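Quick one: the structure is below, questions incoming.
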Amino acid sequence: MQALPGFRDFLPDHCAARNYIFARWREVARRYSFVEWDGPVLEPTDLYRKKSGAEIVDQLFNFTDKGDREVSMRPELTPTLARVVAAHERAFKKPLKWFSIGQFFRYEKQQRGRLREHYQLNCDIMGENDFVADIELIALCIDILRAFGLTEKDFVVRISDREFWTDFLRQQELPTEKWEDVLQTIDKSGREPREKTEEKLGKLAEPVFSIFDKGGRSGKLDRLVDGLGARGLAGFVDVDVRIVRGLAYYTGTVFEVFDRAGKLRAIAGGGRYDNLIGQLSEGAVSMPALGFAMGDVVLGELLRDRAAAREKLEAGVKEQNKIDIYVVIAKEQRRPDALEEIQELRDRGYRVDYPLTADKVPKQFQTAENLGARITLLYGDEWPQVKVKNLATREESLIAGDALLDSVAKFFNISGSA
Ligand code: HAM
């Protein structure tokens, strides 16, 4: 039997690649002083019905549980975050800077870059109105991608502002209840034929396309780019007002990250959602917020596509499943001795392996190489000594059993532990 469509099996190397991605995510989020949190993977379906917008609701993995509750596997984290923060905000000093790594589920048509489960890093700042928070968040997003060895030649953050469009719609005197539809049409315009967008926009088509052609700008967007420029990050961003994002809760700055070549789907997306926490607490708590999520699927495709990033990824994968020491048991009589030593070495934190059952010595050395061991310890005829071999240099030395731990420690201290 196979996995369901859109669901992945993670074989050891895939798991190591996933761990490598998670490790970079965690490392850079911590550099920015974000703290880790998580929520439940199952939530009441209403949470998304009310908060995420039509597109995501169509994609829910939802069912009725045995207690007759309408529930959904989480398609995104933001509504959960807003719910949790609304309930616990008094326990925390503002602004809150929280990140989370978890799996999400959307019943989408499976295609390149889109599966039915994926992992996301979410980073959110809550309780800060000033747009310096927008700069901080976008800088974090850029620095995370840089940590994978990606450069401004590999990806671009397209920045926009929903207020730019809501100001425009106000000027056009469009009733507010129609705004969301227009914003969704603008969001889809890059993926749909121009005629379809024109038809949906009606009399707004002309002014909207004129803005697209001229490239809209605003004072706020210029200040954002300047703020990133002051950190040396201007080369990573472009103002592009065609970005409005598909989720309903965004209120201000919005951005999406794409590969420069424009071959892949979005790597990350986010923005300001200043009203969501207030709405979820029915007005009890009002708190501005902003954040983004980065998915592992498109990111993984980009990392494998770019030489420098791929090298880092492959090194990261290799590193994870490597061992330090392989114990070769050439004489079965010495197995008890060897096991005692192995226990000791593992207690000290070394990664150690050995043949569980008797095996030919050349095969054991081959296994040691395959597992990426740095040294072998051979228990053979030289009793009570042990033959230590450096697999990189092929150097061998005979060490007395009681000096072995020191000798191993010295080797890894000098040449660096794995
Ligand atoms: P989103 O744009 O829906 O935003 O998703 C963020 C990223 O998750 C996307 O750019 C993409 O890389 C990845 N992603 C989404 N769906 C799939 C899928 N079916 N398969 C593979 N990857 C996928 C949000 O989810 C917002 N909640 C982000 C946010 C956080 N806004 C504020 N805070």
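Looking for something more than 13 Å from the ligand (Cβ to nearest atom) and not assigned by TED's automatic domain parsing to the domain that holds ARG24 - is there at least one such residue anywhere in the range 56-63?
yes
Residues that are more than 8 Å from the ligand (Cβ to nearest atom) and modelled with pLDDT of 95 or more, at least 2 per element: which strands (runs of 3 or more DSSP E) completely within the range 257-331 meet that?
325-329
For the condition open to solvent by 40 Å² or more (accessible area, probe 1.4 Å) and without any contact (Cβ under 8 Å) to a residue 12 or more places away in the chain, what is the one hit in ARG374, ARG394? Full working, then the answer.
Details: ARG374 fails: without any contact (Cβ under 8 Å) to a residue 12 or more places away in the chain.
Being open to solvent by 40 Å² or more (accessible area, probe 1.4 Å) and without any contact (Cβ under 8 Å) to a residue 12 or more places away in the chain holds for just one of ARG374, ARG394, which is ARG394.
Still on this model: Among the candidates ARG114, ARG31, ARG90, which residue alone is surrounded by 15 or more Cβ atoms within 10 Å (Cβ to Cβ), in the same structural domain as ASP296 (by TED's automatic domain parsing) and not aliphatic (A, V, I, L, M)?
Being surrounded by 15 or more Cβ atoms within 10 Å (Cβ to Cβ), in the same structural domain as ASP296 (by TED's automatic domain parsing) and not aliphatic (A, V, I, L, M) holds for just one of ARG114, ARG31, ARG90, which is ARG114.
With the requirement that a residue be open to solvent by 40 Å² or more (accessible area, probe 1.4 Å) and either on the phi > 0 side of the Ramachandran plot or of a type in the set (Asp, Glu) (or both), what does the range 2-28 give you?
Of everything in the range 2-28, those that are open to solvent by 40 Å² or more (accessible area, probe 1.4 Å) and either on the phi > 0 side of the Ramachandran plot or of a type in the set (Asp, Glu) (or both) turn out to be ASP9, ASP13, GLU27.
Right, another one. Hey, could you check the range 199-214 for residues that are among the small types (Gly, Ala, Ser) and open to solvent by 40 Å² or more (accessible area, probe 1.4 Å) and say which is nearest to PHE258 (Cα to Cα)?
This residue is SER210.
Got at least one residue in the range 93-101 being open to solvent by less than 10 Å² (accessible area, probe 1.4 Å) and either of a type in the set (Lys, Arg) or in contact with a Leu (Cβ under 7 Å, 6 or more places away or on another chain) (or both)? Spell out the reasoning first.
The initial filter retains those residues of the range 93-101 that are open to solvent by less than 10 Å² (accessible area, probe 1.4 Å), namely 96, 99-100.
Cutting the leftovers down to either of a type in the set (Lys, Arg) or in contact with a Leu (Cβ under 7 Å, 6 or more places away or on another chain) (or both) gives us 99-100.
Checked against the condition, which is being open to solvent by less than 10 Å² (accessible area, probe 1.4 Å) and either of a type in the set (Lys, Arg) or in contact with a Leu (Cβ under 7 Å, 6 or more places away or on another chain) (or both), the range 93-101 yields at least one hit.
Related question: State whether one or more residues within the range 226-237 are exposed (fewer than 13 other Cβ atoms within 10 Å of the Cβ), β-branched (Val, Ile, Thr) and outside any loop (DSSP other than H, G, I, E, B).
no
Could you list, in sequence order, the residues of the range 332-358 that are in contact with a strand residue (DSSP E or B) (Cβ under 8 Å, 6 or more places away or on another chain) and either modelled with pLDDT under 95 or not aliphatic (A, V, I, L, M) (or both)?
Restricting attention to the range 332-358, the residues satisfying the condition of being in contact with a strand residue (DSSP E or B) (Cβ under 8 Å, 6 or more places away or on another chain) are 334-335, 337-338, 341-342, 345-346, 350-355, 358.
Residues satisfying the conditions are ARG334, ARG335, ASP337, GLU341, ARG346, TYR350, ARG351, ASP353, TYR354, PRO355.
The values are calculated or read from the model by the stated rules, or taken from the named source; none is laboratory data. Note that the structure is a prediction, hence the values are computed from the model and not measured. Neighbour counts are summed over all protein chains in view; Cβ atoms, including those assigned to glycine, are modelled from backbone coordinates with ideal geometry. The area values use the complete protein model at the heavy-atom level, side chains included, leaving out ligands, DNA and RNA. Shrake-Rupley method; radii C 1.70, N 1.55, O 1.52, S 1.80 Å.
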